[in-house]
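Heads up, the thing below is written out as structure tokens.
Every number here is computed from the coordinates shown, using simple stated rules; none is lab data. Being a predicted model, the structure only gives us computed values, none of them experimental. Don't worry about glycine lacking a Cβ; one is built from the backbone with ideal geometry, like all the others, and counts go over all protein chains shown.
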Amino acid sequence: PRLDADIEARSRSGEGGLSNLGVLSANIKGSIPVGRGRVGVTVQPIVVDAGSINRSASARFGRNATAEALAIVAQVPTVLAPVESQYASGVVIGASYEDENFQIDAGTTPLGFQRLDGQGGFLWRPRVGAHGNIRVFAERRPVTDSVLSYAGAVDPVSGQKWGSVMRTGGGFGMSWDRDGTGLYGDIAYRFYAGQGVPKNNALEMNLGAYRRLYSGDHLNATLGLAMNYQSFDENLSYFTFGHGGYFSPQSFV
């Protein structure tokens, strides 16, 4: 039997109350050996915070954007609904099994967030010959780019809840490595859906190659090239009502 614990802090600068993000979580996992792998249970308390929101940002939050636009057209002062600081806390509960070639997990999105959903995935990575690997995976995960996409938010004008975006998909990859020289590539499709957020489709591809230049007792040096391509049907990266607050460019290389 084994007990593992770690703490993770993540911070991204951005606009307060919108794209700004601070995440603090603790991951506590207990596991026991079963067959050739291990079965584990995980508890993960988590806090997400986008900070306080100023006048400019609140005019682009939820349906306040409509009131701002109408007031500009009518050339009258805007009356905005007050927006609270964007903050949420919860606890993720999950279970997993993992061995040398296979991994599967299932659990919940954070209990205490606006919307409770299931999450999980599997990964199969068999060897092919002496130097190759295949990777097949599928998953359903929350989108953690912002408080809106992860925990969800409440529209200050209508009181409607929106956000809490989940991505569901899978992919296939291959890699080859011999004496420090390697090639790899993978392709994945993901479907995005959230509460009050339009559905979205995304494609992602990775290609890479590398060569180890030096290997010693205390130092390794490797030179490589990597390419990442992403494409989304819709750009839903903003924070007006209906947007998801997550990275979703039409194309990205």
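Please give the FRET efficiency for M227 paired with V76, using the beta carbon to beta carbon distance and R0 = 51 Å, rounded to the nearest 0.05.
Numbers: r = 51 Å, r/R0 = 1.00.
Here the calculated transfer efficiency is 0.50.
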Using only Cα atoms, find the angle between the long axis of helix 64-74 and the longest principal axis of the chain, and express it within 0 to 90 degrees, rounded to the nearest 10.
40 degrees
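Can you tell me the order of 193-200, 240-247, 118-125 when each peptide is scored by its average per-residue count of other Cβ atoms within 10 angstrom, highest first? Display every interim value, and only then the final one.
Values: 193-200: 18.0, 240-247: 22.1, 118-125: 15.2.
Packing proxy ranking, top to bottom: 240-247, 193-200, 118-125.
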Roughly how big is the chain's charge dipole about its Cα centre, with Cβ charges of +1 (Lys, Arg) and -1 (Asp, Glu), in debye to the nearest 20?
240 debye
Could you give the dipole magnitude of the range 1-130 about its Cα centre, charging the beta-carbon of Lys and Arg +1 and that of Asp and Glu -1, in debye to the nearest 20?
160 debye
Counting only helical runs of four or more DSSP H residues, what would the 222 nm mean residue ellipticity of the chain come to if each run contributes -39,500 (n - 2.57) and the total is spread over all its residues?
-2000 deg cm²/dmol
